[in-house]
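Remarks on the structure that follows.
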Amino acid sequence: MRLRLHRAARWLDRRRRRVVRRLGARFMPRTMPRQAWLLLWLTALAVVVAVTGALAPRWAPTSAMVFVLLLGGFFLRMRTMVLLYLVAAAGAALTTSVPALGGIGTRPGDLLLLGATGVLVALFVRSRERLGVQGTLGDAMLVDLRDRLRSQGRVPALPGQWHVETELRPAFGDAFSGDFVVATRTRGRQGDLLEVVLVDVSGKGQGAGTRALLLSGAFGGLLGAMPVEGFLPAANAYLLRQDWPEGFATAVHLAVDLVSGDFRVRCAGHPAPGTGGAGQPWRLLDDEGGPALGLVPDVDFPEVTGRLLPGQALYLCTDGMVEVPGEDLSVGTEALRALAEEAGRSGWREGAAERLVDAAGVEESDDRALVLVWRDC
């Protein structure tokens with residue numbers, strides 16, 4: 001008996017829901033699309049501006065319609081903007097045709113300003129449609145991409161005596177850079193290992209920013225997931241598969257044992273790292289390395305080894321830190337080594353990487369990046 005009552009109740013509940021849906025679909029008004037609502041409000045605003053301009057031109061001249069077009073450019077798609085253009089043109093015609101009150105009429109400059117604004121807004125909306133977003137959402141997306149690129153270069157927490165600082169300076173002060181850092185710390189059979197990769201993507205500023213974002217994600221997945229000696233060959237193979245017109249990048253891969261201080265460095269077309277301190281003279285890790293990534297398949301990347309003792313430091317840099325106009329690359333490399341030696345005499349402190357970048361006498365027309373690793377005494 002209870003089972004039959006339960007089935008009957010479920011059948012009645014299904015029938016009730018079906019009837020409600022049918023009645024709602026028939027009698028309830030459909031929700032207007034977001035673009036239609038925006039167009040409606042902007043049309044109302046344009047009408048208010050046009051009527052006010054016709055009756056009280058001191059308060060709303062014809063050029064006030066520019067404000068309506070700018071709002072439409074931020075929130076409407078191109079198809080909807082065409083309708084707003086028609087409304088704005090009708091409003092401008094209304095204010096022009098109505099006799100001026102108080103001796104103020106429509107000036108030719110107002111109409112020229114309105115037309116020029118319409119052209120600029122149309123170009124703005126078309127560029128946003130190519131991006132696939134409207135309004136300021138595109139800027140928010142770019143900011144998010146920039147923040148993601150920077151967050152992937154954060155160095156994980158290290159033991160107390162170890163310090164790593166990174167300093168990235170995009171060309172011309174842009175928000176995006178072709179230089180990026182990826183770092184990870186792994187504990188396993190190879191010990192407590194810190195791996196840092198500094199990469200310089202071909203190109204400068206925003207042009208290289210998108211490629212840097214893609215590569216940072218790919219290299220972040222490779223780093224720590226495979227043996228140290230296999231990272232650069234895997235990164236090289238990945239770049240070759242992309243088949244980009246400017247598909248090469250230089251890189252330097254550093255692996256440091258946080259217990260013993262032993263380090264391993266491999267370069268791919270990158271300037272030589274420098275190391276020294278604690279009574280030892282600074283020297284460049286004299287290694288020609290291998291070619292840049294993405295140029296030659298199945299290439300070897302020679303390894304240089306060493307040990308960071310307490311009080312010693314090691315830096316990695318991109319070519320933007322050592323390129324001096326009209327001079328050989330070795331001149332800038334030697335100058336950076338001398339700057340690091342001078343800075344290390346008084347001991348390494350927080351902000352040392354930033355001070356080294358500031359002291360380097362290089363131009364701001366190229367991306368610059370420096371990674372500084374040191375061990376306290």
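Of the numbered criteria (1) closer than 21 Å to Leu316 by Cα; (2) not in a helix (DSSP H, G or I), the one Ala225 fails is (1).
Look at segment 289-302: where a residue is open to solvent by less than 70 Å² (accessible area, probe 1.4 Å) and a partner is part of a strand (DSSP E or B) and of a type in the set (D, E, K, R), sitting 6+ places away or on another chain with Cβ atoms under 8 Å, you get Gly289/Arg266; Gly290/Arg266; Phe301/Arg266; Pro302/Arg266. Can you find even one residue in segment 54-63 that is modelled with pLDDT of 85 or more, open to solvent by 30 Å² or more (accessible area, probe 1.4 Å) and assigned to a helix (DSSP H, G or I)? No; the residues of segment 54-63 include none that is modelled with pLDDT of 85 or more, open to solvent by 30 Å² or more (accessible area, probe 1.4 Å) and assigned to a helix (DSSP H, G or I). Across segment 215-244, the number of residues qualifying as open to solvent by 20 Å² or more (accessible area, probe 1.4 Å), among the hydrophobic types (A, V, I, L, M, F, W, C) and closer than 22 Å to Arg187 by Cα comes to 5.
Here segment 257-288 is the region considered, the condition is being among the acidic types (Asp, Glu) and modelled with pLDDT of 90 or more, and the residue that is most open to solvent (accessible area, probe 1.4 Å) is Asp262.
Where strands (runs of 3 or more DSSP E) fall entirely within segment 293-377, those with at least 2 residues that are basic (Lys, Arg) are at 368-375.
Ala218 meets the stated requirement of being free of Cβ contacts under 8 Å to residues at least 60 places away in the same chain, touching a Phe, Trp or Tyr at 6+ places or on another chain (Cβ under 7 Å), not aromatic (Phe, Trp, Tyr) and not in a strand (DSSP E or B). Any residue at all in segment 102-120 that's open to solvent by less than 40 Å² (accessible area, probe 1.4 Å), touching a Leu at 6+ places or on another chain (Cβ under 9 Å), among the hydroxyl-bearing types (Ser, Thr, Tyr) and modelled with pLDDT under 80? The answer is no, given that none of the residues of segment 102-120 is open to solvent by less than 40 Å² (accessible area, probe 1.4 Å), touching a Leu at 6+ places or on another chain (Cβ under 9 Å), among the hydroxyl-bearing types (Ser, Thr, Tyr) and modelled with pLDDT under 80.
The values are calculated or read from the model by the stated rules, or taken from the named source; none is laboratory data. Everything numeric here is computed off the predicted structure, so don't read it as measured data. Glycine gets a Cβ as well: all are built from the backbone with ideal geometry, and neighbour counts include every protein chain shown. Remember, those area values only see protein heavy atoms, side chains included, never the ligands or the DNA or RNA. Shrake-Rupley method; radii C 1.70, N 1.55, O 1.52, S 1.80 Å.
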